[in-house]
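The values are calculated or read from the model by the stated rules, or taken from the named source; none is laboratory data. Note that the coordinates shown come from a computational prediction; the quantities given were computed from them, not determined experimentally. Counting neighbours? That spans all protein chains shown, and the Cβs are built from the backbone with ideal geometry, glycine included.
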Amino acid sequence: MFKDAFIKLDAAQSQKMVEKLNPHLDLQFEPATTTAMIHNLSFYENHFLVELARHDRHPPIVRNAVCTDKGAITVLNWTNEPIHALNKAAPIRLQDDSMMDYVRFFFTYVRGSHGRFLIIDSVDDIDWREEPAVAGRKALGKMIEPLHLKEKKPDGTVVFKISIVFKDSLFAAEAHLKPNGQISLHNEELLVEDIPVADDVFGQ
């Protein structure tokens, strides 16, 4: 999953990051109750992703932003607008070793009107509300295809095969990535419904 690559900041670094981001956020974070993590972004040169998590609430309240060493801050708000703005300003650099990172980033931080499409590479990536029976896990595991490149089209569009969880259902689909960073879903196929997954909007 995309979040696995975060690095946790120490207390002093975390305090500086909280003080830096607070003026740009819709609520305030206290350094004593906040965990700050960062992740370098391969598709934006000299940009890094920041995640702040407030642990005085349960579940923790989380906010994310993309920053530069020079102080520029773009707060992510679950729409594609700040990401598309970054794609122009940074600008985006889609290469063979960064395209899949960008696809994961996009689907992690963009949510549609009815929820998020969560990319999963294995049954272990699913956030279970209730742990399924062994046979159920095994059956689901056979349906899941890890994110992978399918083809490159003459117009520069790159097609990826993905497995996604949307609400309580598992789908197979294609993600079509344009050179400017725009992504669209195609050929969605419902594989199984009523999966006992946790609600992914808490703390957001």
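At-a-glance table
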read-out: Selected residue [surrounded by fewer than 19 Cβ atoms within 10 Å (Cβ to Cβ) and more than 22 Å from Leu49 (Cβ to Cβ)] from Leu140, Leu147, Leu190; value: Leu190
read-out: In the range 167-186, the residues that are in contact (Cβ under 8 Å) with a residue 60 or more places away in the chain and not in a loop (DSSP other than H, G, I, E, B); value: Ala175, Leu177, Ile183, Leu185
read-out: The range 169-192, residues that are over 23 Å from Lys88 (Cβ atoms), in contact with a Lys or Arg (Cβ under 9 Å, 6 or more places away or on another chain) and either of a type in the set (A, V, I, L, M, F, W, C) or at pLDDT below 95 (or both); value: Ala172, Ala173
read-out: Failed condition for Ile119, given (1) over 27 Å from Val66 (Cβ atoms); (2) touching a strand residue (DSSP E or B) at 6+ places or on another chain (Cβ under 8 Å); value: (1)
read-out: Subset of the range 43-59 (residues that are crowded, with 18+ Cβ neighbours inside 10 Å and either in a strand (DSSP E or B) or hydroxyl-bearing (Ser, Thr, Tyr) (or both)); value: Tyr44, His47, Leu49, Val50, Glu51, Leu52, Ala53, Arg54
read-out: Candidate set from the range 112-171 (those that are among the basic types (Lys, Arg) and more than 26 Å from Leu76 (Cβ to Cβ)); member that is nearest to the chain's Cα centre (by Cα); value: Lys150
read-out: Selection count, the range 88-111, where residues are surrounded by 19 or more Cβ atoms within 10 Å (Cβ to Cβ), more than 16 Å from the chain's Cα centre (by Cα) and either assigned to a helix (DSSP H, G or I) or free of Cβ contacts under 8 Å to residues at least 60 places away in the same chain (or both); value: 1
read-out: Matching residues in the range 114-166 - criterion: being assigned to a loop (DSSP other than H, G, I, E, B) and of a type in the set (Gly, Ala, Ser); value: Ser122, Ala133, Gly156
